[in-house]
Structure formats: C-alpha cells, structure tokens
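Remarks on the structure that follows.
The values are calculated or read from the model by the stated rules, or taken from the named source; none is laboratory data. None of the values given here were measured: they were computed from a predicted structure. Neighbour counts run over all protein chains shown; Cβ positions are idealised from the backbone, glycine included.
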Amino acid sequence: VIIDLQRFIANERPFWNELEKLLDRIEAEPDLRMPLRQLQLFHRLYERTAAGLAKITTFSSEPETRRYLENLVARAYGEIHETREKQRHIFPLRWFLQTLPQTFRKHVRAFYLSLAITIAGCAFGGLAIAFDPDSKPVLMPFSHLLQDPRKRVAEEEKATQERLAGERTTFSAELMTHNTKISIFTLALGMTWGIGTIIMLFYNGVILGAVAVDYIRAGETKFLLGWLMPHGVIEIPAILIAGQAGLLLALALIGRGNRSPLRARLREISGDVVTLIFGAGLMLIWAGFIEAFLSQYHEPVIPYAAKIAFGCVELILLCLFFAKSGTGKKSETKKSGE
Amino acid sequence: MKTSTLSIRTPEGIVFSQLLAGPVTRFFAWFIDQLCIQAAMTIVGTIFSLLEVINLNFAFALYVLAYFTISIGYGIFFEWSWRGQTIGKRLFRLRVADVEGMRLQFNQIVVRNLLRFVDALPAFYFVGGLTCWLNSKCQRLGDLAANTIVIRVPRIAEPDLDQLFAGKFNSLRQFPHLAARLRQNVSPAEADMALQALLRRDEFDPVARVELFGELANYFRAKVEFPPEATDGVADEQLLRNVVDVIYRTRAESRMEKAVVNL
C-alpha cells in the first residue's frame, strides 16, 4: 500500500509525462520509426507506468489517478504488443496485381463453393421456368424481364430512339452503386453463419438461370449472350467473389477444422475479406460502366458477335488475371517474406 | 456476464480496464454522424447543382456516386484518420478500439463499417442494437467480425492531489511537538481511514458528510489535545485535512512549502 501518495505521484509524474509525449508523437506520426535507444526508453517508460498502475490499483479510492494511468498503459500496450505490421503506405498497383489475385487463390475453395451455390440456383431457376413458365413473375420480379423475350428483342432492335438517351451516365452510376451494395450485403450476411450469403448467391443464380432459360426457349440465345456477356462476365464473378468473402467470414465463425479461438480466426481472415470485397467493388465499377455504355446497344448498332467476342476476351483476361497474376518468382518471394 | 468495463491483462500481469460504451450512447453518436452525412450531401449537392448547367445527367451521376461513397466511406475515413473516432463519437467521447487492446488496423475499420449493412436491418440498427444489448462486450455484429469494441474515453487530466491536503496554512503545524505526538499516536489504519474519508468526500450525501467529518474530527481531537487557537474556528473537514497533512507529509516538504509562501 502506498502511504505517501503525493510523493509517489510527484516522483512518477515526469515519467508519465514523458510517456504521454511519446505516445502523442507516435499517434500523430503513423510513419514514425523510432531509433533503438528511443524504443528502449519507450519500453522502460511503459513498464514503469504499468508498475505504477499496479501499485495505485491497491489504492482503490483514487479513481482519477488510476484512470489516468490505465489510459496511458492501454495506449502504450497497443503500440508495444502489436505484432501485426503497421500499415504505412498503400501501393494500389501492387495490391491490384499481387495481393488481390493471391488472396483469391488462397481462398479459392470458398470461391468454388460460391460458384456451386450459384450454379445450383441457376439450375433451379432454369428448371422452374422450363417446367412451369407461369412461375416467371415469382422468379423474376422485374417488369422488363416479364415481357415475352421475342417481343422485347424486336422492340430493342427496332428502337429508333435510345431508351437511355441522355441518362446513360446516371444509369451507369446507379448500376455501380446498386451492385456494390448487393455485394457488400452478400459479404455482410456471412455473419449469419453463411446462411444469408448462401441465400443471396442461390437467389442470384435462380434469376440468372430463369432469365437464361426463358430467352433460350424463345430462340433468343444470341441476343441473350450479346446483352449479358459484356458486363455479366465481370459482374457475376464480382458477386461470386463477394460471396467468397462472405463464406470466408462464415467459415471463420464456424471454425470447423480450425482449433484457434474465434477471435484469432476472425483476425486471420479480416485482411483477406477486405481485399476480396475491394476487388469485387472495382470489378463492379467496370461492369457498371460496360452495362450502361455497351450492353444496352443491340443490333444493328453493334453486332452481337462483336459483343459476345468482347465478353469472351474479358472473361479470358479475368481468368488469366486471377490464375496467373502475382505468381512470379519476385512476388512469391515477397509473399513468403511477409 | 455483462459489465460496463473490459479488463485486459498484459503479459506483465498488469490489468487495465476500458469503459465500454452502451447501445444508447452509440445510437446518439450514430445519429450525429447521420446528420453530418446529410450536411455533407447538402454541400455536395449544391456544388454539383452548378454542374447541371453543363450536363444534368453527368451532375446527377456524380451525386449518386458521391452519396454512395460518403455514406459508406464516412465511417471508414474518420475512424482511420482519427484513430477510431467519427464526429459523433468524438462528441460523445467514444472510440473504436481493438478488443485485445492492440493497435486498431485499417482492415478492422473496413470490416466493422461494411457489416453495418446487416446490423442496420430491418431498420434503425435493430439487429446491431439487439446484438449489442445481448453481448457481454456490447459488440454489434460488425464489432464481432472485426474484433473491435467501442469504449468511452472520459476526459482525463493529470491527477491533482494538492487539493486534498491542508493548503497554505495548517494551524496544527504551529505546534510541532503536538503534531509529532499526533503522528506517534495515530495508527496506520486510522491514518488511512482519515485519508479515505477525504478522498471520497464528494461521494457522500451532504448531511452524512457533515456528520462523518464531525465524528472523525472529534475522534482526532481526542487523540492529542491541541490548544484552542489551533482548533477553534476550524471546520471539521478542514481539521481533518490538517490532520492528514500532518500525518502524510514530511517536515521537509512542508518547510519547502513555507519557504515558497514566504517568497
């Protein structure tokens, strides 16, 4: 028990002040790299203040001093015991060309799961439309999809005036924001042990399958491919990647086959989840742009073959990007160094 | 068990606690943040309305993108720049912190902010509020996923214990031999009792405070009988301060203080 409290405080105050000054500096300058001598001083000051806190804690009736010391110790503790690397600078190009594809490959099984759920949804939607065409309003609650495909294609191809004339930029912005919201929502629903994410992916698949079968049955496969492929080959994988992130979150929550505590599991994947969702966001920006400025043009303005070819090129490039980017010796060395 | 503090034990065996913020305070902070977002959007809308003269479609597209970016990026930007605080959190003295007391990472901030999409369901953060209310650390789903907590940051100043002691003049010190006898007669437990009473004085009910200090003053008066000029006209609480001052402060310190006063 400290008997001479005032003397104790008077003796220790300079050390507390010094620690506080150092902490203020560290917090104000995230790029600060302290020399070894200063680091040692920082550690000593932390230990001394922590010891002071331990002493003052026995002096239970002095809450003000205790709270002051707790605050100092808490701030210093976070700086000293943190083992994760300080995020100093962001290198967008390196992130895009290395981190994103590497993260995707690292968790590719979650992507396959996401893909399988969507394919199951597609099969369900397609079969439902094939066997029960009357289920269309239930499966596709969007007015422009309820029309007879042949009629819609005829209207689109004969249109003398652009449907989106003067509104293309707004339409593009709306698509980008809407799809990004859906992606974030798909990711966030991972916190429902993945149930929400699975429902979202399956439902997306149902709509996609239903639309595809509806147009194929009507003999409008070429229109369908020309309409969907330019933006769809990027947009659909983006949603799948968001689903991959959501499933990753769910797997960390469930923790099957991983004996680490929940906190450690979540900590382990948090960086990868953020990388994947940012990647999906970027893809959706591109998809929104293409959907507004290319997909909405049909024959005779742009031949379907050209649109389909463009979609194929995009898909090949996307596959190559995720399969090969960041696999070079240099990036692998960097990765193992990390 | 749900508590208002989170205790963290360091590897050195030191325990420090963080004051957890409750759902109501957090809701108010969120409400202020929403007002800030709306204010920012009004400003952005006014600026973009000038672009309408050039191209209405382009101006509206920019507005849509700006609204989306600001509404999602607001929390991420401020919590990253201000080390876990937004404008609302700063006003209510709240801060996002790592659940293990470590340095808050950018990833954690992004995850907790993106998961607002689920926490906000079905309206007014019902899911988040319910989770926060049920969780022992008052975490919403976003906090659980990101390993974060929201703590209260009370205004912390350096402690000033000078106010506890006698001040510039202590009538008991005019009789050094009696003061020495007082130090001799008072046991550590009695000294501690007097100090505790002074430290906790603001926690007492006013009537109880007067009664308690009356009893304590009489008790210490009986320990050593000081001449009337040292005790007459001195309030009971002040007398107790004088007693604690005599017991706890060394003569050297008080001499130094006297010298400073004489200067």
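If you scan region B:197-213, which residues turn out to be of a type in the set (D, E, K, R), more than 14 Å from B:ALA235 (Cβ to Cβ) and assigned to a helix (DSSP H, G or I)? Lay out the reasoning, then the answer.
Taking region B:197-213 and keeping what is of a type in the set (D, E, K, R), we get B:200-203, B:205, B:209, B:211.
The next check asks that each one be more than 14 Å from B:ALA235 (Cβ to Cβ); those that pass are B:200, B:202-203, B:205.
Within region B:197-213, B:ASP202, B:GLU203 qualify.
Taking only region A:280-296 into account, find how many residues are within 13 Å of chain B (Cβ to nearest Cβ) and over 15 Å from B:VAL111 (Cβ atoms). Lay out the reasoning, then the answer.
Going through region A:280-296, the residues within 13 Å of chain B (Cβ to nearest Cβ) turn out to be A:280-281, A:284-285, A:288-289, A:292-293.
Remaining after also requiring over 15 Å from B:VAL111 (Cβ atoms): A:284-285, A:288-289, A:292-293.
Total meeting the criteria: 6.
Keeping to region B:214-247, report how many residues are β-branched (Val, Ile, Thr) and out of contact with any Leu (no Cβ under 8 Å at 6 or more places or on another chain). Explain how you work it out, then say what you get.
Narrowing region B:214-247 to residues β-branched (Val, Ile, Thr): B:224, B:231, B:234, B:243-244, B:246-247.
In the following step, the residues that additionally are out of contact with any Leu (no Cβ under 8 Å at 6 or more places or on another chain) were identified as B:234.
So the answer is 1.
Among the residues of region B:95-125, what is the count of those that are more than 7 Å from chain A (Cβ to nearest Cβ), within 22 Å of A:PHE278 (Cβ to Cβ) and aliphatic (A, V, I, L, M)?
So the answer is 4.
Taking into account only those residues within region A:236-295 that are among the acidic types (Asp, Glu) and buried (at least 22 other Cβ atoms within 10 Å of the Cβ), which is nearest to A:ALA116 (Cα to Cα)? First the steps, then the outcome.
At the first step, the residues of region A:236-295 found to be among the acidic types (Asp, Glu) are A:268, A:272, A:291.
Still in the list and also buried (at least 22 other Cβ atoms within 10 Å of the Cβ): A:272, A:291.
Working: A:ASP272: 21, A:GLU291: 25 Å.
Here the residue is A:ASP272.
Working only within region A:206-218, note down all residues that are crowded, with 23+ Cβ neighbours inside 10 Å and outside any helix (DSSP H, G or I).
Correct list: empty.
Only one of (1) in contact with a Leu (Cβ under 9 Å, 6 or more places away or on another chain); (2) within 13 Å of chain A (Cβ to nearest Cβ) is not met by B:ILE32, so which one is it?
(2)
Within region A:40-50, is even one residue at pLDDT below 90, surrounded by fewer than 16 Cβ atoms within 10 Å (Cβ to Cβ) and more than 9 Å from chain B (Cβ to nearest Cβ)? If you could, list the steps in order and put the result at the bottom.
Keep residues of region A:40-50 that are at pLDDT below 90, which gives none.
Checked region A:40-50: no residue is at pLDDT below 90, surrounded by fewer than 16 Cβ atoms within 10 Å (Cβ to Cβ) and more than 9 Å from chain B (Cβ to nearest Cβ).
Restricting to region B:58-80, and then to whatever is under 29 Å from the mean Cα position of the chain (by Cα) and within 12 Å of chain A (Cβ to nearest Cβ), can you tell me which residue is surrounded by the fewest Cβ atoms within 10 Å (Cβ to Cβ)?
This residue is B:GLY73.
Considering each of B:LEU178, B:LEU216, B:LEU164 in turn, give the residue that is under 30 Å from B:GLU237 (Cβ atoms), at pLDDT 90 or above and either within 11 Å of chain A (Cβ to nearest Cβ) or more than 27 Å from the chain's Cα centre (by Cα) (or both).
Details: B:LEU178 fails: at pLDDT 90 or above; B:LEU164 fails: at pLDDT 90 or above.
Of B:LEU178, B:LEU216, B:LEU164, the one residue that is under 30 Å from B:GLU237 (Cβ atoms), at pLDDT 90 or above and either within 11 Å of chain A (Cβ to nearest Cβ) or more than 27 Å from the chain's Cα centre (by Cα) (or both) is B:LEU216.
Which of the helices (runs of 4 or more DSSP H) contained wholly in region A:98-205 include at least 1 residues that are within 13 Å of another protein chain (Cβ to nearest Cβ)?
Numbers: elements: A:100-106, A:108-131, A:136-139, A:143-146, A:149-158, A:168-188.
Correct list: A:100-106, A:168-188.
Considering only residues that are touching a residue at least 24 places away in the same chain (Cβ under 8 Å) and of a type in the set (A, V, I, L, M, F, W, C), which ones fall in region A:77-107?
Across region A:77-107, the qualifying residues are A:ILE80, A:TRP95, A:PHE96, A:LEU97, A:LEU100, A:PHE104.
Considering only helices (runs of 4 or more DSSP H) fully contained in region B:40-137, which possess at least 3 residues that are under 30 Å from A:PHE171 (Cβ atoms)? Talk me through it step by step, then tell me what you get.
On the way: elements: B:56-81, B:87-91, B:106-114, B:116-119, B:126-134.
Because the criterion is at least 3 residues that are under 30 Å from A:PHE171 (Cβ atoms), the helices (runs of 4 or more DSSP H) in region B:40-137 that meet it are B:56-81, B:106-114, B:116-119.
For B:ILE54, which of the numbered conditions (1) within 14 Å of chain A (Cβ to nearest Cβ); (2) within 40 Å of the chain's Cα centre (by Cα); (3) within 30 Å of A:ALA292 (Cα to Cα) fails to hold?
Only one criterion is unmet by B:ILE54, namely (2).
Which of the residues belonging to region B:17-34 are of a type in the set (A, V, I, L, M, F, W, C) and touching a residue at least 12 places away in the same chain (Cβ under 8 Å)?
Hits for region B:17-34 are B:LEU19, B:LEU20, B:ALA21, B:PHE27, B:PHE28, B:ALA29, B:TRP30, B:PHE31, B:ILE32.
Out of all the residues in region A:238-297, which are in contact (Cβ under 8 Å) with a residue 40 or more places away in the chain and acidic (Asp, Glu)?
A:ASP272, A:GLU291
Quick one: which of B:VAL24, B:VAL53, B:VAL44 is aliphatic (A, V, I, L, M) and under 15 Å from B:GLY129 (Cβ atoms)? Even if it seems obvious, please write down each step before you answer.
Numbers: B:VAL53 fails: under 15 Å from B:GLY129 (Cβ atoms); B:VAL44 fails: under 15 Å from B:GLY129 (Cβ atoms).
Going through B:VAL24, B:VAL53, B:VAL44 in turn, the sole match is B:VAL24.
With (1) within 14 Å of another protein chain (Cβ to nearest Cβ); (2) under 26 Å from B:ALA145 (Cα atoms); (3) among the polar types (S, T, N, Q) as the list, and B:THR25 as the residue in question, which single condition is left unmet?
Only one criterion is unmet by B:THR25, namely (1).
Please verify whether A:GLY326 is under 20 Å from A:PRO237 (Cβ atoms) and not in a helix (DSSP H, G or I), treating the condition exactly as stated. Spell out how you get there, then give the answer.
Values: under 20 Å from A:PRO237 (Cβ atoms): yes; not in a helix (DSSP H, G or I): yes.
Answer is yes for this residue.
Conditions (1) without any contact (Cβ under 8 Å) to a residue 24 or more places away in the chain; (2) in a helix (DSSP H, G or I); (3) farther than 27 Å from A:GLU64 by Cβ, marked per residue:
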{"residue": "B:LEU172", "(1), (2), (3)": "no, yes, no"}
{"residue": "B:LEU182", "(1), (2), (3)": "no, yes, yes"}
{"residue": "B:LEU195", "(1), (2), (3)": "no, yes, no"}
{"residue": "B:LEU216", "(1), (2), (3)": "no, yes, no"}
{"residue": "B:PHE220", "(1), (2), (3)": "no, yes, no"}
{"residue": "B:VAL234", "(1), (2), (3)": "no, no, no"}
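Considering B:PHE48, B:PHE92, which residue is aromatic (Phe, Trp, Tyr), over 26 Å from A:PHE185 (Cα atoms) and away from every other protein chain (no Cβ under 14 Å)? Spell out how you get there, then give the answer.
Values: B:PHE48 fails: away from every other protein chain (no Cβ under 14 Å).
Result of the check over B:PHE48, B:PHE92: B:PHE92.
Would you confirm whether or not region A:129-144 contains a residue that is in contact with a helix residue (DSSP H, G or I) (Cβ under 9 Å, 6 or more places away or on another chain), crowded, with 21+ Cβ neighbours inside 10 Å and at pLDDT 85 or above?
Among the residues of region A:129-144, at least one is in contact with a helix residue (DSSP H, G or I) (Cβ under 9 Å, 6 or more places away or on another chain), crowded, with 21+ Cβ neighbours inside 10 Å and at pLDDT 85 or above, which makes the answer yes.
For a quick check of your reading of the model, give me the residue pairs whose first member lies in region A:303-315 and is at pLDDT below 95, whose second is surrounded by fewer than 18 Cβ atoms within 10 Å (Cβ to Cβ), with beta-carbon atoms closer than 6 Å and at least 6 apart or on different chains.
If the second residue must be surrounded by fewer than 18 Cβ atoms within 10 Å (Cβ to Cβ), the pairs left are A:TYR304/A:LYS222.
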